[in-house]
1. So in the range 73-97, with the set limited to residues that are open to solvent by 30 Å² or more (accessible area, probe 1.4 Å) and outside any loop (DSSP other than H, G, I, E, B), which one is nearest to R191 (Cα to Cα)?
2. Starting from the range 116-133, take each residue that is of a type in the set (A, V, I, L, M, F, W, C) and list its partners that are open to solvent by 50 Å² or more (accessible area, probe 1.4 Å), counting only C-beta distances under 6 angstrom and pairs at least six apart or across chains.
3. Consider R124 carefully, then state whether it is touching a helix residue (DSSP H, G or I) at 6+ places or on another chain (Cβ under 9 Å) and more than 30 Å from F278 (Cβ to Cβ).
4. Looking at the range 51-69 only, could you name the residues that are surrounded by 19 or more Cβ atoms within 10 Å (Cβ to Cβ) and aromatic (F, W, Y)?
5. Considering the range 122-164 alone, what residues qualify as being of a type in the set (S, T, N, Q), in a helix (DSSP H, G or I) and under 20 Å from the mean Cα position of the chain (by Cα)?
6. Looking at the range 118-140, which of its residues are touching a strand residue (DSSP E or B) at 6+ places or on another chain (Cβ under 9 Å) and either modelled with pLDDT under 95 or open to solvent by 50 Å² or more (accessible area, probe 1.4 Å) (or both)?
7. What residue, of A32, A43, is of a type in the set (G, A, S) and open to solvent by less than 20 Å² (accessible area, probe 1.4 Å)?
Amino acid sequence: MASSIVGVLGATSLVGPPLVARLVQTGRHVLACSRQPPAEPSADGITWCRPGGYLPAASPVTHWIALCPPWATVDVFDWLVASGAKRLVALSSTSIATKQRSPDVTERRLAEQLAASEEALITRASRAGVILVLLRPTMIYDGCSDGNITTILAFVRRFGWFPVCGPACGLRQPVHADDVASACLAALDHRAPRATYTLSGGEVLPFHDLIERTCRAHGLKPRLIHLPRVAWQFAACVGRMLGFTHGATTGTAARMNEDLSWDHGDASRDLGFRPRPFVLRSADADTLAERIAARGPTS
């Protein structure tokens, strides 16, 4: 059983709220760390602080979960050790592999940064005697606040269609934020976890199906425009200049037709990981519609 106090780096991230809720439900006190803590942070079982700053815990915090990018965890690693850290569960990403050979230089650098950060964490944890567990999720979604779903829906609501490259038949395995939170908690408690686990969703589906299901769940007609790769890249370039497609790259086009499914068998065997299929609830759709509307027509 993990410590009665658990530190969470990146507590306001996508996985943060469901993880904090799960920790509180198990009777733990959560030291929630964020560079931008809530304006009214007080809540039963939760104390907020900024990473690297004053540590309000009265006793050592031996167990930590890092939901921030791994390089941010490296930056505050000495602070974690000073707090009394003995076990660290840290999120990384399958992008460490999927973007390694991307035609986009920025994406290749991201993969290199992930790899370097993981290696730094492994080295420093070994030297400090900290048990480190790295979790590599695929695309994380929650249906109401994640960037991927929000971007898709904002585009479709504005233009009435969504451009895809070629048949867009590459396989995807999106994983729900709450399922990632469950795996983090299980890794925290496991007596002898593996060093690395892949976390993928409970359903494999083609990229075009992901787009179509997302649209239907939000009451939108799933109208996809299939473009040749060169045409898609030109449209994405124009979209970036106009502020419509900030994350679209040449690598995005290639991956629409690549198999990005992953085996999460180790996580299932060791952590009891049972991810749900890709399902968007109507309540999530209502929440996301409100958030997109609040952004205004230029989002």
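1. The qualifying residue nearest to R191 (Cα to Cα) is V81.
2. What qualifies is A128/V81.
3. Judged against the criteria, R124 is a match.
4. Scanning the range 51-69 gives a single hit, W64.
5. Matches in the range 122-164: N148, T150, T151.
6. Answer for the range 118-140, where residues must be touching a strand residue (DSSP E or B) at 6+ places or on another chain (Cβ under 9 Å) and either modelled with pLDDT under 95 or open to solvent by 50 Å² or more (accessible area, probe 1.4 Å) (or both): I122, R124, S126, I131, R136, M139.
7. After ruling out the rest, the residue left standing is A32.
Residue-by-condition table, conditions (1) over 23 Å from E118 (Cβ atoms); (2) more than 19 Å from the chain's Cα centre (by Cα):
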| position | (1), (2) |
| --- | --- |
| G166 | yes, yes |
| P174 | no, no |
| T196 | no, no |
| L210 | yes, no |
| C215 | yes, yes |
| H226 | yes, yes |
| A235 | yes, yes |
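The values are calculated or read from the model by the stated rules, or taken from the named source; none is laboratory data. Just so it is clear, the model here is predicted, and its values are computed rather than measured. Glycine also receives a Cβ, built like all others from the backbone with ideal geometry; neighbour counts cover every protein chain displayed. For accessibility, only protein heavy atoms count, side chains too; no ligands or nucleic acids. Shrake-Rupley method; radii C 1.70, N 1.55, O 1.52, S 1.80 Å.
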